[in-house]
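So the structure is just underneath, and the comments pick up after that.
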Amino acid sequence: MFAIPLGDDGAELRPLEPWQTEEFLAHMDRGREYVGTHIGLADVVHDLDSARAFLQGYAEKTANDAGRLYGIWTDGTLVGGVMFRTMDVAAGNAEVGCWLEPSAAGRGLVTRACRIIIDWAVERRGIHRVEWYASTANTASTAVARRLGMTREGVVRENYIHRGTRTDTEIWAVLAPEWRAARTT
């Protein structure tokens, strides 16, 4: 398996796969309340079977070239992840997603990890448009989109039901020419 350093602080980006189910569930248990504040992942992954199913689903997406899942480790501990929730290589579109447990927040890990996977998607896979969806209340997530050089394209009102409440979603995106231009400056 490969590991990509995320900087000088020992953080690494690695594939997150079904054989890591127990580690993934332990991570989710540590960060469940924080992770679940704005996204449904913490509610979907609640025991070994659901954790395995989630990881297996992404293994199948990877095999079908329709998505990817990577974990973020610090000091050998899984603390978060980034993913291509969707990836349509033929159309040149992908959607990035992320999560972190509270111990890893505020260190720039998601921004650094997303730069790596977006660069790979644009330069190696030919993705033209990378999208980012975030609750309007999730200011940490929208700040990452901004740091990645994405443009806020709009708000979809009350489209996502999270824990029984309808929430608004911001849509951000970066196009391949914009990504390349930002990477060279």
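Output yes when any residue across the range 56-71 is polar (S, T, N, Q) and either open to solvent by less than 20 Å² (accessible area, probe 1.4 Å) or closer than 20 Å to A176 by Cβ (or both), and no when none is.
Kept after step one, since they are polar (S, T, N, Q), are these residues of the range 56-71: 56, 62, 64.
From the residues that got through so far, the ones that are either open to solvent by less than 20 Å² (accessible area, probe 1.4 Å) or closer than 20 Å to A176 by Cβ (or both) too are none.
The answer is no; no qualifying residue exists.
Please go through the range 109-147 and pick out each residue that is within 13 Å of the chain's Cα centre (by Cα) and outside any helix (DSSP H, G or I).
Passing the criteria: V130, E131, W132, Y133, A134.
Identify all residues within the range 136-150 that are out of contact with any helix residue (DSSP H, G or I) (no Cβ under 7 Å at 6 or more places or on another chain) and not hydrophobic (A, V, I, L, M, F, W, C); write none if there are none.
The first filter runs over the range 136-150 and keeps only residues out of contact with any helix residue (DSSP H, G or I) (no Cβ under 7 Å at 6 or more places or on another chain), leaving 136-143, 145-146, 150.
Once the filter is applied, which keeps residues that are out of contact with any helix residue (DSSP H, G or I) (no Cβ under 7 Å at 6 or more places or on another chain) and not hydrophobic (A, V, I, L, M, F, W, C), the range 136-150 yields T136, N138, T139, S141, T142, R146.
Just one of A182, A104, A137 is under 17 Å from M83 (Cβ atoms) and of a type outside the set (F, W, Y); which is it? First the steps, then the outcome.
Numbers: A182 fails: under 17 Å from M83 (Cβ atoms); A137 fails: under 17 Å from M83 (Cβ atoms).
The match here is A104.
In the range 142-156, which residues are in contact with a strand residue (DSSP E or B) (Cβ under 8 Å, 6 or more places away or on another chain) and open to solvent by less than 80 Å² (accessible area, probe 1.4 Å)?
Across the range 142-156, the qualifying residues are T142, V144, A145, L148, G149, M150, T151, G154, V155, V156.
If we scan the range 157-166, do we find a residue that is surrounded by 15 or more Cβ atoms within 10 Å (Cβ to Cβ) and either closer than 23 Å to H27 by Cβ or modelled with pLDDT of 95 or more (or both)?
Of the residues in the range 157-166, the ones surrounded by 15 or more Cβ atoms within 10 Å (Cβ to Cβ) are 160, 162.
So of that shortlist, the ones also either closer than 23 Å to H27 by Cβ or modelled with pLDDT of 95 or more (or both) come out as 162.
Looking through the range 157-166, at least one residue is surrounded by 15 or more Cβ atoms within 10 Å (Cβ to Cβ) and either closer than 23 Å to H27 by Cβ or modelled with pLDDT of 95 or more (or both).
Evaluate the range 78-97: report whether one residue or more is at pLDDT 95 or above, out of contact with any Phe, Trp or Tyr (no Cβ under 8 Å at 6 or more places or on another chain), of a type in the set (F, W, Y) and open to solvent by 10 Å² or more (accessible area, probe 1.4 Å).
no
Counting just the residues of the range 7-44 that are in a loop (DSSP other than H, G, I, E, B), touching a Ser or Thr at 6+ places or on another chain (Cβ under 9 Å) and among the hydrophobic types (A, V, I, L, M, F, W, C), which one comes out farthest from R115 (Cα to Cα)?
Among them, the one singled out is I39.
Please go through the range 168-185 and pick out each residue that is touching a residue at least 40 places away in the same chain (Cβ under 8 Å) and open to solvent by less than 60 Å² (accessible area, probe 1.4 Å).
Hits for the range 168-185 are I171, W172, A173, V174, L175, A176, W179.
Considering only the range 45-65, state which residues are over 30 Å from T136 (Cβ atoms), of a type outside the set (S, T, N, Q) and not in a loop (DSSP other than H, G, I, E, B).
So in the range 45-65, the residues over 30 Å from T136 (Cβ atoms) come out as 47-49, 52, 56, 59-60, 62-65.
Then drop every residue that is not of a type outside the set (S, T, N, Q), which leaves 47-49, 52, 59-60, 63, 65.
L48, D49, R52, A59, E60, A63, listed by residue number.
The values are calculated or read from the model by the stated rules, or taken from the named source; none is laboratory data. Quick caveat: nothing in here was measured; it's all calculated off a predicted structure. Virtual Cβ from ideal backbone geometry, glycine too; neighbours counted across all protein chains shown. Side chains are part of the model used for accessible areas, which takes the heavy atoms of the whole protein and leaves out ligands, DNA and RNA. Shrake-Rupley method; radii C 1.70, N 1.55, O 1.52, S 1.80 Å.
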